[in-house]
Every structure is written in structure tokens, then in C-alpha cells.
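As C-alpha cells, the structure follows; a few thoughts come after it.
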Amino acid sequence: MTDRSKTGAGPETDPKKTTVRRAGLVVLGLIILAGLLGYGGYWLSTGADEGARVHAQGNVVGGSFRVFSLGGGMVTEGDFRGSWTIVWFVDPRCPPERCQPPLKALDQTLVTMKRKGQPVLPLVVSLDARAEDPDTLKDYVMGVAPHIFPVFATPNMTQAMTRLYHAPYALEPGQSYYQSAPSFVVMTPEGHYAGMLPVTEDAAGLTAGLEQIMARSGQNRE
């Protein structure tokens, strides 16, 4: 019978070295795990999976979203439940004479509907998802529409939202800014798609069109 203590079975059987090796493997595992968690945090923070987290919720137009207010707070579709919602996408780099008139008309419509006791909330989403200065977005929108608080999102969420709400997500031909959506999307207080209104309408036309959509949607819900 061979005495292993005399012949030597190799360093693998040394208890101290085995313990050190196991500790090294544990440390290596922790390093790999930390790296994966770090990448996962970066992935989430840059919105790499945003497109997978939005869904239509049974709507032919519209659905869930996750955007940020100018103060940095998160806003979702659930925050608009109980009120009619008007959704529009605009790039604050768009020339004011082209894209601010719809904002003015929408703002005036909101004031009119509030006087009539109709809860209507605007969701104006910036198409300039990489803008570094939120004050630019604030000044562009609230400078002409003080009752509208714009929001912004990650590039992936912005793109996913435009798909859901049937809005373009492409640069204006020959320009460095994105095309604004040609229509306002109207969602019911329950979060269902109700209709669209052209952004070319003035405040009176926009108000009349919105009231028609509300009346039609109300009949459908009865």
C-alpha cells in the first residue's frame, strides 16, 4: 500500500493551496458578476431595451411609454389615466415659425376645455432625444404654450413611442432636425385610442375636432 504522504500526490492535494485556489475562483466569479451587473446597469440607463418594454396594450395606435419630465421624474401612461390625453412629437430644433403654431393652438385648446370642465392633458414628447440642455426644450414649448409641460426620453424609447403612436422618426429632408408628427393623437381617460387631429388646425378647429372625438368615444363606451 503506497504512503501518499511520502510519495507526494502533487500540489492539488495540499489543503492550503486548494483553499487559495478556491478563493481565487470565488474572487474571479465576483469580478465577472460585477462586470455583468455593471453592463446591465449601463444597458438599462441608455435605454437599450426600451423597445422591448413598450407595448400597444390592445390599441391600434398608442400604448405604454416611459418618459422623463424636465425635473427628471419618470412619467408613464398610468399618470394620465382619468384624463383625455393629447400626444404630439416635436423637435425643439424645428424652426419656431413652423412648429410652434401647433403648440399655441394646443395650449389654447387646453384652456378652453378646462373652462368646460373637461380634463385634458398634453403629452408633448421631444424628438431631440440626445439634447443635453432641457432648458432649450422648456423655453421652446412653454415660451409659447405655458400650460404644456414637455417631456423627453431615451433615443430607443423615443423611437419605440413614435412607432406606437404612428409618428415619423426621421430627419426633415436636408435638415438636422426631426420631422414633427403631422397629427395629434387623442387617447381616452382609460388609455384607449380615440382618434387623430391634424396639427394644421387652429385653436377653434382643434377644439371642435376634439369635442367630436370625445362625443364619438363616449357613444362607443355606452
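The values are calculated or read from the model by the stated rules, or taken from the named source; none is laboratory data. Computed from a predicted model, the values in this text were never measured in an experiment. Don't worry about glycine lacking a Cβ; one is built from the backbone with ideal geometry, like all the others, and counts go over all protein chains shown. To get the accessible areas, we keep the full protein, side chains included, count just its heavy atoms, and leave off ligands, DNA and RNA. Shrake-Rupley method; radii C 1.70, N 1.55, O 1.52, S 1.80 Å.
Some values worked out for this structure:
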{"quantity": "Odd one out for Pro155 among (1) in contact with a Phe, Trp or Tyr (Cβ under 9 Å, 6 or more places away or on another chain); (2) surrounded by fewer than 19 Cβ atoms within 10 Å (Cβ to Cβ); (3) touching a residue at least 40 places away in the same chain (Cβ under 8 Å)", "calculated": "(1)"}
{"quantity": "Candidates Ser83, Ser64, Ser126, filtered to the one that is modelled with pLDDT under 95 and either among the hydroxyl-bearing types (Ser, Thr, Tyr) or open to solvent by less than 10 Å² (accessible area, probe 1.4 Å) (or both)", "calculated": "Ser64"}
{"quantity": "Those residues of region 86-96 which are open to solvent by 40 Å² or more (accessible area, probe 1.4 Å) and touching an Asp or Glu at 6+ places or on another chain (Cβ under 9 Å), in sequence order", "calculated": "Arg93"}
